[in-house]
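J.: Shown below is the structure under consideration.
The values are calculated or read from the model by the stated rules, or taken from the named source; none is laboratory data. Here the structure is a predicted model, which is why all the values come from computation and not from measurement. Here the Cβ positions follow ideal geometry from the backbone for every residue, glycine too, while neighbour counts run over all protein chains shown. The accessibility values were calculated without ligands, DNA or RNA, using every heavy atom of the protein model including side chains. Shrake-Rupley method; radii C 1.70, N 1.55, O 1.52, S 1.80 Å.
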Amino acid sequence: MKMEKQITIPDIYNSSPDDFFDGSSFLPKKIGELKLLRKECRNQIVYYDWDLSFRDKTFASRPDNFGKDEIQIIFNINQKIDWKIDDSHETVSMLPGEVCVFRNKNYATSMKYDGDIKFQFKSLQMTTDYFVALLSNHFSKEEIEFGKELFLTHVTKSSITPEMYRVLSEIDGSEKYHEFKGVFVEAKLIELIALVLHGIFYNKSSVKERGNFSLDGVESDISKLEALVRRIQFNPADRYKISELAKNLSMSESKLTRLFRSAYGTSIHSYIQDQRLEKAAVLIAGKSMNVSEAALYCGYSNMSWFSKAFKEKFGVPPKKFSQSR
């Protein structure tokens with residue numbers, strides 16, 4: 001029987017903006033892998049994109065929040081995670097498709113990860129003072145007090161709405177805006193916070209355990225489309241056949257294509273290609289892969305076709321895009 005690994009997480013949160021942080025310096029490959037991409041909004045809001053896996057079941061902890069008092073918003077993408085905040089708090093179970101908001105007042109935190117599973121989640125972090133100022137600038141006195149009670153003293157969860165998934169995807173694809181990327185990311189981070197607050201304040205959607213992108217047993221056609229879009233956004237390189245997707249969603253092919261275009265304004269095929277190119281741009285800009293590797297990773301085996309599609313979307317060929325980063 002394998003023993004549970006235990007590791008202590010160092011302060012890896014100060015990596016350079018727009019560069020992938022390679023966790024091999026503290027996490028040997030025999031234990032696991034960590035890639036972390038950081039974007040920021042004038043040092044006020046920081047966005048992290050996590051890609052994490054461990055060889056065996058692992059208990060990862062850190063003794064404090066490095067002296068910081070922050071509001072943290074975590075979007076759990078694909079796996080159930082058990083998360084403990086300080087000894088005085090109960091364990092929080094984060095399900096796929098949930099967003100969790102809490103105040104980390106320099107608490108110790110820990111998470112348990114199963115082995116041989118890829119974990120994907122995204123997070124926003126801002127000082128508690130900045131968050132309170134944000135509430136004060138835009139809400140009534142009663143709403144401000146309600147927000148403080150809700151977010152500063154409790155761990156609050158809700159569902160990740162389709163609008164939140166859209167903005168997360170847009171932040172990940174911000175490379176296409178070149179020198180205007182900073183302005184774009186700042187606007188999208190504020191939009192994302194607004195969507196989270198709106199979703200929790202008005203409880204627009206209930207939290208359901210959906211499993212690992214399972215498309216079975218979802219109650220409505222809209223929920224089925226949401227699950228499909230989540231899968232495409234975070235696994236764009238998978239091989240998708242309309243006939244198989246329709247069968248898994250218990251729809252006819254014509255109904256699926258009609259509903260998808262009506263909801264997202266484009267075809268499923270075009271949406272998949274767009275998400276593949278967005279992912280490739282992030283990988284190329286982050287220098288974690290060269291152009292050929294990024295193309296293959298994102299599902300392109302024909303480099304000529306990839307270069308043509310990339311130029312049509314971003315205005316420059318992928319090699320020139322890489323050189324300009």
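J.: Only one residue in 81, 45, 74 is under 17 Å from residue 105 (Cβ atoms) and under 17 Å from the mean Cα position of the chain (by Cα). Which one? So that I can check it myself, show each step before the final result.
T.: On the way: 81 fails: under 17 Å from residue 105 (Cβ atoms); 45 fails: under 17 Å from residue 105 (Cβ atoms).
So the residue among 81, 45, 74 that is under 17 Å from residue 105 (Cβ atoms) and under 17 Å from the mean Cα position of the chain (by Cα) is 74.
J.: Name the single residue that is modelled with the highest pLDDT among those in the range 1-58 being part of a strand (DSSP E or B) and open to solvent by 60 Å² or more (accessible area, probe 1.4 Å).
T.: The first filter runs over the range 1-58 and keeps only residues part of a strand (DSSP E or B), leaving 5-8, 20-22, 32-41, 45-54, 58.
Next, only the ones that are open to solvent by 60 Å² or more (accessible area, probe 1.4 Å) stay: 5-6, 8, 22, 33, 35.
Numbers: 5: 70, 6: 71, 8: 67, 22: 57, 33: 83, 35: 78.
Out of the qualifying residues, it is 33.
J.: Has the range 172-180 got at least one residue that is in a loop (DSSP other than H, G, I, E, B) and either modelled with pLDDT under 80 or surrounded by fewer than 17 Cβ atoms within 10 Å (Cβ to Cβ) (or both)?
T.: Within the range 172-180, the subset in a loop (DSSP other than H, G, I, E, B) is 173.
Next, only the ones that are either modelled with pLDDT under 80 or surrounded by fewer than 17 Cβ atoms within 10 Å (Cβ to Cβ) (or both) stay: 173.
Yes.
J.: Select from the range 103-123 the residues that are basic (Lys, Arg) and open to solvent by 60 Å² or more (accessible area, probe 1.4 Å) and write down the one among them that is farthest from residue 230 (Cα to Cα).
T.: Taking the range 103-123 first, the residues basic (Lys, Arg) are 103, 105, 112, 118, 122.
Still in the list and also open to solvent by 60 Å² or more (accessible area, probe 1.4 Å): 105, 112, 118.
Details: 105: 32, 112: 24, 118: 15 Å.
Within the range 103-123, the match that is farthest from residue 230 (Cα to Cα) is 105.
J.: Given the condition exposed (fewer than 15 other Cβ atoms within 10 Å of the Cβ) and in contact with a helix residue (DSSP H, G or I) (Cβ under 8 Å, 6 or more places away or on another chain), answer yes or no: does some residue in the range 124-135 qualify?
T.: No, there is no match, as no residue in the range 124-135 is exposed (fewer than 15 other Cβ atoms within 10 Å of the Cβ) and in contact with a helix residue (DSSP H, G or I) (Cβ under 8 Å, 6 or more places away or on another chain).
J.: Only residues that are modelled with pLDDT under 85 and under 18 Å from residue 195 (Cα atoms): list them for the range 97-138, please.
T.: Residue satisfying the conditions is 97 alone.
Okay, residues lined up against (1) at pLDDT below 80; (2) surrounded by fewer than 15 Cβ atoms within 10 Å (Cβ to Cβ):
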{"site": "212", "(1), (2)": "yes, yes"}
{"site": "219", "(1), (2)": "yes, yes"}
{"site": "222", "(1), (2)": "yes, yes"}
{"site": "228", "(1), (2)": "no, no"}
{"site": "255", "(1), (2)": "no, yes"}
{"site": "279", "(1), (2)": "no, no"}
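J.: Would you check which residues across the range 64-83 are more than 30 Å from residue 228 (Cα to Cα), open to solvent by 10 Å² or more (accessible area, probe 1.4 Å) and not small (Gly, Ala, Ser) and list them?
T.: Those that are more than 30 Å from residue 228 (Cα to Cα), open to solvent by 10 Å² or more (accessible area, probe 1.4 Å) and not small (Gly, Ala, Ser): 64, 66, 68, 69, 70.
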